[in-house]
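Data first, discussion second: the structure below is written as structure tokens.
What follows draws every value from the coordinates through simple rules; no lab data is involved. The shown structure was predicted, so the numbers you read here are calculated from the model rather than taken from an experiment. Using ideal geometry, Cβ is built from the backbone for each residue, glycine included, and neighbour counts are taken over all protein chains shown.
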Amino acid sequence: MRRLINMFRGSVKVMLSGMKNERILNLLSKYGIIFWDIVQMNGELELYVHRKSLKRLIKLCVENSINYEILQYRGAPHYVCKVKKRFILASGLAAVFVVVWTLSLYIWDFEVIGNNSVSDREILTVLEELGIRKGTFILNVSSERIANKVLLEIPQLSWFAVNTSGSKAYVLVRERTEKPDVFDESEPSVVYAYKSGEITKLSVLNGVPMVAVGDVVEAGQILVSGVSDSLSSGKRSEHAAADVIAKTCYDLSAQIPLKCSIKNYTGNKEEKTSIIVCGKRINLFTNSRISYEYYDKMTLNEQLAILGESFLPVSVVRDEYVEYEIGYTEIPQEQASEILRQQLTAKLQEKLTDGEILHTSFEFSVQDGIMIAVMHAECSEQIAAERFMTPTELSETYENETET
Amino acid sequence: MSEREKLKIAEIAGRLLDIPADAIGKIAKITITGRGEVFLEEHRGLCEYTSEKIVVKMDKKTKMSVCGQELSLIGMTSSEMRIEGIIDKIEYSAEEE
């Protein structure tokens, strides 16, 4: 507290000598000069007095033949005096402060957190329609007011909130979890093959098997029927279930040109800097022409911020143009075949949902500078899928029941 | 009446009326806080000032010595004084005539 008061009142650090230290201190106290933080150094005294006491101290020193030296001015009055002499600088600083403070009361940046399927753009577009955009006054952003409207506009969201920190708005969202498909196990159903193949394993949990191990089945063929014989009513429908593993075959192809173009960077680059103030771009260059025929453009956008939090509507955009020349290169056939081999294997892995690759063989050919690869693969995988019985299948069952 | 006589009367009156002596006259008052701070009121000036010993005149014939380590005078006015440091000993002594 004392330090704070001294900072506002202003203080001066002085060095006094030429008399016994005790006597100097007694004289100061006798003259009513308040002093503190006394340090004795080689027979000299260093102490602080209030800025207003300095004149009296000097008078006392002169009257009593005490040597004095002013070492340091501290506190707000000292800086005010300094700034008074530089009015333009002071007013400039004040103006900058006012502008920065005013701008920090508006939103200049958005960050959407928590979205996966709904894009940032979609959320920000809805916010813009509700009047929340870059340049909106912070106090006009009411999370409660807009949350319901946003949730109605974007049904995929289950929760929405906007928090502001400095001039940045954090849009927090939670996405709605899709209701899983519920497969009613009491409903009559059949097991069918969703891929063609040769059955290697058949485990029927419920229902009547229509095929046996070693049979070759087509995609869509019923493997296990949901209609079974009943002693009491002749036929009855039930929920069929089974695990069916089959050997499946795949023929996949891919191609790659053996001669391809590449970029040879020359090492030449140009940089053009612009400033974007409140959405308006100001170019800091006169010649906007790029002297290169082929070039890559890299843009670096840096938004100015105070203490990393309060974003200002000012961003520095640096466009870097890197020159390159187009060259051609030949891919060796071994390398090309390896690339195709990897591509086709990855493609096959994607197709296999629940299974493993048993055997693969590749055929490579080159036509017009393009290498073509064909992969023949044998896999072992689950091919069974369940579906409810169609009304026709059900009616046939009931007809048989009636006839019986 | 001399100042010394005035103080003597004040001391007697205070004792009779059960009033603290410092409330009546200009009698030095010392407040010691823990081992680290001494606050003096109504002192008569500084006689010696080092980091091991600070001697303060209390009245015409009495001196008080504060002995210790890293002693420093934090602030001083014509009547008050604050000393800080590690205080080992405080002793009174009569001033030599």
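Here are some notes:
- Shown here is the pair-distance distribution of the range A:65-106: with all Cα-Cα distances grouped in 5 Å bins from zero up to the longest one, the shares run 5, 18, 14, 15, 14, 12, 8, 4, 4, 3, 2, 1, 0 percent.
- Taking 0.36 nm per residue of sequence separation and removing the Cα-Cα distance, the A:E378/A:I58 pair yields an extension gain of 104.8 nm.
- Radius of gyration (Cα atoms) of the range A:84-225, expressed as a multiple of 2.2 N^0.38 Å: 2.09.
- Selection among A:V224, A:Q255, A:P209 by position relative to the dipole of the range A:184-283 gives A:Q255 as farthest towards the positive end (Cβ unit charges, Cα centre).
- Candidates A:P332, A:Q303, A:M375 compared by Cα position along the dipole of the range A:286-386: farthest toward the positive end lies A:Q303, with charges placed on Cβ.
- Ranked by how many other beta carbons lie within 10 Å on average, peptides A:211-218, A:326-333, A:314-321 from highest: A:314-321, A:211-218, A:326-333
- Cα-centre dipole for the protein assembly as shown with unit charges at Cβ (Lys and Arg positive, Asp and Glu negative), debye to 20: 5860
- Take every DSSP beta bridge whose two residues both sit in chain A; close to 95 percent of them are antiparallel.
- Dipole axis of the range A:1-120 (+1 Lys, Arg; -1 Asp, Glu on Cβ), positive-most option in A:V118, A:L71, A:V100: A:L71
- In chain B, the longest principal axis of the Cα atoms and the axis of helix B:3-17 are about 70 degrees apart.
- Net charge dipole size for the range A:51-183 [Lys, Arg +1 and Asp, Glu -1 on Cβ; Debye, nearest 20]: 1580
- Mean shadow area of the range A:237-328 over all directions, Cα convex hull, nm²: 17.2
- Inter-part distance, the range A:120-180 to the range A:3-65, computed on C-alpha centroids, equals 63 Å.
- Partner chain coverage, peptide A:33-39 - average Cβ within 10 angstrom: 4
- Computed over the alpha-carbon pairs of the protein assembly as shown, the distance histogram in 10 Å steps reads 3, 10, 10, 9, 11, 11, 10, 8, 7, 7, 7, 5, 2, 0, 0 percent, short to long.
- Cα point-scatterer Debye curve for chain B, base-10 log of I(q)/I(0) at q = 0.13 Å⁻¹: -0.48
- Counting other Cβ atoms within 10 Å as a rough exposure proxy, the listed residues A:F362, A:F183 run A:F183, A:F362 from fewest neighbours to most.
- With the simple spin-label model, which puts each label point 7 Å out from Cα in the Cβ direction, the A:T286 to A:S361 separation comes to 7.3 nm.
- As a calculated quantity, the FRET efficiency between B:T62 and A:H78 at R0 = 56 Å, using C-beta atoms, amounts to about 0.85.
- Bridging of A:K280 to lysines at a Cα separation below 23 Å is possible for A:K134, A:K168, A:K272, A:K297, once same-chain residues fewer than 8 apart are set aside.
- Placed amide H near B:T62: partners under 5 Å, 5+ positions off or other chain: B:E95
- Nearby lysines by direct alpha-carbon distance to B:K61 (threshold 23 angstrom, same-chain neighbours under 8 apart not counted): A:K20, A:K30, B:K6, B:K8, B:K26, B:K29, B:K53, B:K89
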